[in-house]
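Trainee: So that we are looking at the same thing, I have put the structure below in C-alpha cells.
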Amino acid sequence: MSTPSTDARVRAREERRERILDAAWPLFSEHGFERVTMAQIAAAAGVSTRTVFNHFPRKDDIVFRHDELVLTMFERSLRERRPGQRISEAVMENALDMIDLDPGYPGEFAQAVHMIAMSPTLQQRRLSMFEAHTRITRDALLEQDPSLERGGLADGLARAMTGFHWSAMEARGAAMARGESPEAVRETAIETIRRGYAILEAGFAAAGL
C-alpha cells in the first residue's frame, strides 16, 4: 500500500525523468546525438549529472528508453498466442500495437529516425534491438517446429518477419520527417503492415507457420 510520502517521491522521480527528456531532445536536435554529453543534458534539465545517469545509465537509453517494454510486449505476444494463431499473425498484431506506443512530443519519432541514421552509437543499438526481435521470433518458430533449425530456415524466416516490421517503421519516420500529418502517416503504416504481412502470410500459411 502506497503512502502520501511514497507517492510524492514517485511523482518527483517521474518529473525529473520528464525534465531530462525535455532537455535532451532539443540538444540532440541542435548538436547531434554524438556531441551532446550527459553533463550538458543535466545542466539543461537543472539536475545533477548523477541524477541523469540514475534515470538513463547510457545516453542511448534516452532514445531507446522503451526497449525493455517493447521486447517484453513482443515476447508475450508470441508466447501467449491464441489457439491456432500463426506466429506470423502474432508478429503482425504486435507491429500494429507498436504504432501507438511512440510517446513524447510531436515529431519525436521522426527525429529519432534521423538521429539513428546519423549516429554510429544509435545504429549499433538499433541493430541490437533488431537482433533481439529476430531471436525471439526464431525461438518461437523453433518451439513450434524444431525441423526449421536445418539450414538456418528459422533464422531466415524470423529475419523476414522482423525486417518487414522495421522497414515499415523506418518508412513511417521518413514520412513524418517530410511533414506528413501524424494521422495520415499512421493510416499508411497500418495499411502497409497489413498488406505486407498478408503477402508473407501466403507463404507462411502454406508451411503451417
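Trainee: Across the stretch 34-76, what is the number of residues that are closer than 17 Å to residue 15 by Cα and under 15 Å from the mean Cα position of the chain (by Cα)?
Mentor: Number satisfying all stated conditions: 2.
Trainee: Here's another thing I want to ask about it. For the stretch 27-66, give me each residue that is in a helix (DSSP H, G or I), in contact (Cβ under 8 Å) with a residue 12 or more places away in the chain and under 15 Å from residue 115 (Cα atoms).
Mentor: 27, 28, 29, 33, 34, 60, 62, 63
Trainee: Now for a separate question. Looking at (1) touching a helix residue (DSSP H, G or I) at 6+ places or on another chain (Cβ under 7 Å); (2) surrounded by fewer than 16 Cβ atoms within 10 Å (Cβ to Cβ); (3) of a type in the set (Lys, Arg), find the lone condition where residue 186 falls short.
Mentor: Condition (2) is where residue 186 drops out.
Trainee: Under the condition of being of a type in the set (Gly, Ala, Ser) and surrounded by 14 or more Cβ atoms within 10 Å (Cβ to Cβ), which residue from the stretch 29-58 is nearest to residue 17 (Cα to Cα)?
Mentor: Restricting to residues being of a type in the set (Gly, Ala, Ser) and surrounded by 14 or more Cβ atoms within 10 Å (Cβ to Cβ), the top hit is 45.
Trainee: Okay, next question. Quick check on this structure: which one of 180, 143 is among the charged types (D, E, K, R), out of contact with any Leu (no Cβ under 8 Å at 6 or more places or on another chain) and not in a helix (DSSP H, G or I)?
Mentor: Going through 180, 143 in turn, the sole match is 180.
Trainee: Within the stretch 73-99, restricting attention to residues that are of a type in the set (Gly, Ala, Ser) and within 14 Å of residue 144 (Cα to Cα), which residue is modelled with the highest pLDDT?
Mentor: Taking the candidates together, the pick is 90.
Trainee: Which condition from (1) polar (S, T, N, Q); (2) touching a residue at least 60 places away in the same chain (Cβ under 8 Å); (3) closer than 25 Å to residue 115 by Cα is the one that residue 88 breaks?
Mentor: (3) is the only condition that residue 88 fails.
Trainee: Considering each of 57, 26, 103 in turn, give the residue that is at pLDDT below 95 and outside the structural domain of residue 183 (by TED's automatic domain parsing).
Mentor: Of 57, 26, 103, the one residue that is at pLDDT below 95 and outside the structural domain of residue 183 (by TED's automatic domain parsing) is 26.
Trainee: Just to be sure, is residue 170 under 22 Å from residue 114 (Cβ atoms) and without any contact (Cβ under 8 Å) to a residue 12 or more places away in the chain?
Mentor: Taking the combined requirement at face value, the residue does not satisfy it.
The values are calculated or read from the model by the stated rules, or taken from the named source; none is laboratory data. Computed from a predicted model, the values in this text were never measured in an experiment. FYI the Cβ positions are ideal-geometry reconstructions off the backbone, even for glycines, and counts take in every protein chain you see.
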